[in-house]
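To start, the structure itself, in C-alpha cells.
The values are calculated or read from the model by the stated rules, or taken from the named source; none is laboratory data. Quick caveat, the model's predicted, so the values are computed rather than measured. A quick note on method: Cβ atoms are made from the backbone with ideal geometry, for glycine too, and the neighbour counts reach across all protein chains shown. Surface areas here come from the heavy atoms of the whole protein model, side chains and all, with no ligands, DNA or RNA. Shrake-Rupley method; radii C 1.70, N 1.55, O 1.52, S 1.80 Å.
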2 protein chains.
Amino acid sequence: MLSSRHLAALETLLGPSGLVLDPAARAAYETPARYAKGVAAAIVRPATTAEVSAVIGYCVREGLVFVPQGANTGLAEGSTPDASGQHLVLSLERLVDTLDIDTADRTATVSAGVRLSALNAALEPHGLFLPIDLGADPSLGGMAATNTGGARFLRYGDMRRHVLGLEVVLPDAAGTVLTLSHGLRKDNAAIALRQLFVGGCGVFGVITKVTVEVHHRPRQTAAALLVPRDIDAVLPLLCAFEAQAGTMLTAFEGMSRAAMERAIAHVPSLPNPFANGIPDYAVLVELTRAWSPREGEASLDETLQEIAGQLLEHDDAHLADALFGPTTRMWTLRHALSEGLRASGPVLGLDLSFRRRDLARFRTEAVAMLATDFPDYVLCDFGHVADGGTHFNLVGPTDPDRRAALREAVLTLAIDGYAASFSGEHGLGRAVQDAYDRFTPRAVQDYSAAVAAVFGRGSASIRLAPATSSTPSCQDFR
Amino acid sequence: MLSSRHLAALETLLGPSGLVLDPAARAAYETPARYAKGVAAAIVRPATTAEVSAVIGYCVREGLVFVPQGANTGLAEGSTPDASGQHLVLSLERLVDTLDIDTADRTATVSAGVRLSALNAALEPHGLFLPIDLGADPSLGGMAATNTGGARFLRYGDMRRHVLGLEVVLPDAAGTVLTLSHGLRKDNAAIALRQLFVGGCGVFGVITKVTVEVHHRPRQTAAALLVPRDIDAVLPLLCAFEAQAGTMLTAFEGMSRAAMERAIAHVPSLPNPFANGIPDYAVLVELTRAWSPREGEASLDETLQEIAGQLLEHDDAHLADALFGPTTRMWTLRHALSEGLRASGPVLGLDLSFRRRDLARFRTEAVAMLATDFPDYVLCDFGHVADGGTHFNLVGPTDPDRRAALREAVLTLAIDGYAASFSGEHGLGRAVQDAYDRFTPRAVQDYSAAVAAVFGRGSASIRLAPATSSTPSCQDFR
C-alpha cells in the first residue's frame, strides 16, 4: 500500500516532475489501448537509467508493486495497472536522452522511451530505417520487451532479430543495472541472457536502452491485391511468390471480406478497389528492392504484374484475380481494417499464430464451428499469413459469459487442435493471463518462473503468471 | 569414476551398439577438429530421445560426467573429453531417425544427429536449403547448440534466426524431455526459454530435435574479388554494396595477403587470380537472387560489374581493383584459407567479433603491436567482415609461454579496447574457458550459472565455467 512516506521518498529520488499524482493527468497512463481503464496508486517517471535503478530498488525494498510502461500502445493489457489502485505505473516516457546512429555499423542505440517514429525520422536522412511495421507508434523499449512483429516480418523478422544489445534494470533490492552485449552482430562468448528480456514483457527486468540493427530503405515498391480462388489457395500463392520473388517479397497480408467491408464502410475516403464486389478473401502482396530500375530493366510494377500474370494463367488456378495500383492505396485499406472493425461493433480480438500450413485448415474448421455454435458473431479476420499469424477478430454481442465461451472455444480449437500460440506478436499481459495459465505447458511455466526468480534475487518475489493468485499480471513485480 | 557396474547399466539401457569401448574405435570421439586428443571413460551412443533421456538421468543420478558430442566438428574443444579419462562422451550421431520437410511451411524438423549435408541433400529437390555456410559438415544439434554463423550470415543470419523449435533433454535425475515450441514463426505466448539452448553449448541440456526455417535456393549467383585501397576502405565498400545491392548481397569476406599466399602455395590446383600480385587485402563479394534474368534484364554478373565499375570510377577511390570470374573459383580460394594456414605452420586461431566500425581500427592497432612485441608471428587473418567477425590467425612459434602471452595481448586489446567477443561464432568450450573466466563480465557469469542451475534441478550440479575448478569445461555436466 502506497503511503505518503513512499511518495515523499519517490519525489526525493525523482524530483517533482518525476511523479504524476493528479487524477486527470493520470488517466492516460491508466488507460490501455484496448480493454478497461485501471487505477494507479501513482505514476513515476524516471528520466535516466540511474533513476530507474533507484526507483526499482526502492520499490523492491518497500514491497511496492509496479508496472513498467513504454508508449502504452500494447494490446495485451501489459502496461497498465489493474483496478486495485495499488500498483505504481513506472513510465519510461522520459527516458529519451540517447539516440545515436552509426551509419557504417548500420545500428542505432536508443533510450527505451524513444518512439519508433522518432527513430525512423532520425534514420531517414541516412536512407535507413527500422523495418518493424506496426499500426501504432510504440517506444523501442516496449517493442523489445514484447518482441513485436508486424506486417513486414516475412522479410525482416521480429524485434529479436534486430536487438544487438540491451541495458536492463533488474527487479532486485539494488536495482542492478546490467549491460547485455554491446551491439555485436555475432557473440557466442556467453549464453544469451539478453534473449530472455526480449519478449520477456518486463518479467525479468526493465529495459532502459536498446541497440538495434537497422536497414537500408528500399528504393522501389510495388503492391497488388490478389484474389485467391479460395482460402486453401492462399498458401500455394504465397509459396509461388516466395519462389519467384525471393527477398523482394516484403508483405503478404490476408484480409477477409467481413474485415474489408467494415473498413470501406467506415472510412469515407477509402474507395472500394474491387470493381466486381469485395471478394471472400484478398491478399495484399508487396515487393520492394534496394535499387532503382537500371537501364533496360523492368520496373518492379512490371515484375509484379509478370509474376501475377503467370499465376493467373497457370492451370492450378490458385489466383482468381489481381488488382494493381498505387502502393499507398493498398496499405490504406490494410491499415483501416482495425479501425473499421472497432467502429462496426464490439470486437473480441485474438492474436493467434500457427504453423502456416495449418492456417487455412484451422480457419475452415473455425468458420464451421462458429456457424453452428456462435452464429451471432461475425468473423472479421486478417493478418500476417506468411508468418502463420492471424488477427482472429469476432464482432458480436458483449454478454460476458457468451464472449468467454466463444474465446474458450476458439482458443481450444487453435491450441489443442493445432498447437497454435495465443500470442503471436502482442506479448503477455493481463488480457492473456488466463490463456497463459491454461495453455502454456506447465513445465514451461515452472521453468520460466524459476528463471525469472534468478533475476529477482534479493526480492524473491517476481511472479510470472501465478495460477493461484486472484489478480496476477505477467509483468507485475511484487 | 566409471565402474563395470556403470558400464553394465549403460549397456542395458542402450544395447551393445550403444557403447564404444574399444580404444581404437574411441579415438574419433576423443579427438577434436583442433587441439589435443582427450581420453574418454567410454563413448555412449543413444539412438532415440528416450535413450538420451535414460542415459542422462542415469549419469546425473550416479554423478557421472558427460560431454555431449554432435559431429565433432567444433573448434572450441566443446565436444571432446579432457585428458582425465573420467568423462563419458555422449555421442548423438545415431539420432538420425527424423528428417521431415514441409515445403509449404518452409521448415524442416530433424533429429540432432542429422548432418547439414544430409539435410541440404534432402532439401535440394524442393529448391530449398538451410543457408548456414560453413567450412565443415556439422550436425543440426551441434549447430543449434553453438549458434553457428558462417559466410552468409550477412544475408541469412545465424542458427538462432532459423531455429523455430527444439526438443531438449535436461540434465536432471529424471532426464526430463522438454519441447520448446512447435515450429511457429511467431510465438510470444511464453518467455523464450528456447533461446537459452541455442548457443548454450550444452550447458542447459542436450538438444535432440530441431525445427528450422529453410529458404529458397537462389537461381543466380555472381562473385568478384575486390581490392580495397587499404584496410580502412573495406567498410565504406561494404556500405556501398549494401546500399546498391540490398538483399542480393550474400557474402562479403575479407582475406589478408598472408592468408591468400599460404592457400595459393599450399593448394597446387589453386591459381593465383591476381595478375598484378596478391594484394595486401581482398574481399570476396557475392550477389545472389531468387530468379533467372527476365527478358531484357541484366544478368547478375553485369549488375555486379556495374556496381563495381561505379565504385572504381568514384572520387573517393575506396576500390583499387576488381576481378570477375566464376563464382566457384572465388569460393575455392576462400575455403582454402584455413587449410593453407595449417599447412604453413602452427596456428594460434582466435574467433573474434567486433562492432564492424571497430574492425579496421583494431586490426591496424594489432598489426603495430605485433610488429613491436611479436615479430616472430605472422598475422593471417580473414573472415566475415560484414558481421564484424574475423578469424584472427597467427602463424609462428609453438613455445607455450610465448603463445600464451600473444593470446593474452590480442584478447586484451580486442576486448578491453573494443568490447569485442572472444567467440564470434565458434561457441564455448575448453579452448576458451580461460577467456570466459577472465573477460565475460562477472555478473553475466553469475546469472548464467544461476539460470543453468534451474534446468539441472535435481542434480544441482551443472557448472558453467566455474573459475575455481582445475579442469572445468563449459559443457560438462557433473
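So the values come out like this:
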| quantity | calculated |
| --- | --- |
| Relative frequency of Cα-Cα separations exceeding 13 Å in the range B:326-365, percent | 68 percent |
| Under-5 Å amide H pairs with B:ALA173, H placed in peptide plane, nonlocal only | B:SER459 |
| Using distinct alpha-carbon pairs, which all enter the 1/r mean, Kirkwood radius of the range A:43-154 in Å | 15.2 Å |
| Residue-by-residue Karplus 3J(HN,Hα) for the range B:71-81, coefficients 6.51, -1.76, 1.60, Hz, glycine and proline x | 8, 6, 9, x, 10, 10, 6, x, 10, 10, x |
| DSSP bridge orientation in chain A - percent antiparallel, rounded to nearest 5 | 85 percent |
| Translational D in µm²/s for the range A:356-402 (Stokes-Einstein at 10 °C, 1.306 mPa s, Kirkwood Rh from C-alpha pairs) | 137 µm²/s |
| DSSP-assigned coil residues among chymotrypsin sites (Phe, Trp or Tyr not before Pro) in the range A:344-433, each with at most 11 further Cβ atoms within 10 Å | none |
| Square roots of 5 times each gyration tensor eigenvalue, C-alpha, the range A:99-216, largest first, Å | 22, 15, 14 |
| Distance from the range B:372-443 to the range A:1-80 (C-alpha centre basis), Å | 45 Å |
| Chains B and A, summed buried accessible surface - 1.4 Å probe, Å², nearest 100 | 7200 Å² |
| Inter-part distance where the range A:181-238 and the range A:240-289 are each reduced to a Cα centre, Å | 22 Å |
| Long-range HN-HN contacts of B:ARG229 with modeled amide H, under 5 Å | B:LEU319, B:ALA320 |
| Shielding of B:281-291 by partner chains, average beta-carbon count, 10 Å | 2 |
| Solution diffusion estimate, µm²/s, Stokes-Einstein, chain A, Kirkwood Rh from C-alpha pairs, 10 °C, viscosity 1.306 mPa s | 67 µm²/s |
| 1.4 Å probe, heavy atoms, protein only - residues of the range B:102-120 losing at least 20 Å² accessible area vs chain alone | B:ASP102, B:ALA104, B:ASP105, B:ARG106 |
| Label 7 Å beyond Cα on the Cβ vector: A:ARG402 copy-to-copy distances, nm | 8.6 |
| For B:174-185, mean number of other protein chain Cβ atoms within 10 Å | 5 |
| Amide proton proximity set for B:ALA290, modelled H, under 5 Å, gap of 5+ | A:THR247, B:ARG219 |
| Within straight-line cross-link reach of B:LYS209, lysines at Cα separation under 20 Å, skipping those fewer than 8 residues along the same chain | B:LYS186 |
| The range A:424-433 - phi-based ³J(HN,Hα) in whole Hz, Karplus 6.51/-1.76/1.60, Gly and Pro as x | x, 9, 9, x, 10, x, 4, 4, 10, 4 |
| B:ARG361 accessible area, 1.4 Å probe, all protein chains in place, Å² to nearest 10 | 140 Å² |
| Interatomic Cα distance distribution for the range A:345-427, bins of 5 angstrom, percent | 3, 16, 29, 28, 17, 7, 1 |
| Average beta-carbon neighbours from other chains, 10 Å sphere, peptide A:151-159 | 1 |
| Per-bin percent of Cα-Cα distances, the range B:276-403 [10 Å] | 10, 31, 34, 17, 6, 2, 0 |
| Zero-based 5 Å bins, Cα pair distances in the range A:189-240, whole percents | 4, 11, 13, 11, 8, 9, 13, 18, 11, 2, 0 |
| Position B:ASP137, label points 7 Å along Cα→Cβ, spacing to each other copy in nm (shortest first, one decimal) | 5.6 |
| In Hz, Karplus ³J(HN,Hα) per residue of the range B:176-182 (6.51, -1.76, 1.60; θ = phi - 60°; x = Gly, Pro) | 4, 9, 10, 9, 10, 6, 10 |
| Solvent-accessible heavy-atom area per residue, rounded to whole Å², over chain B at 1.4 Å | 35 Å² |
| Pseudo-label separations to other copies for A:VAL39 - Cα-to-Cβ vector, 7 Å, nm | 7.4 |
| Separation of the A:ALA275 and A:ARG34 label points, Cα + 7 Å toward Cβ, nm | 3.7 nm |
| Alpha carbon convex hull of the protein assembly as shown, volume per residue in cubic angstrom | 176 Å³ |
| Rg to Rh, two decimals, where the range B:219-343 supplies the alpha carbon set and Rh follows Kirkwood | 0.98 |
| Stokes-Einstein diffusion coefficient of the range A:189-281, Kirkwood radius over Cα pairs, 25 °C, 0.890 mPa s, in µm²/s | 138 µm²/s |
| Share of pairwise Cα separations in the range A:4-91, more than 20 Å, in percent | 28 percent |
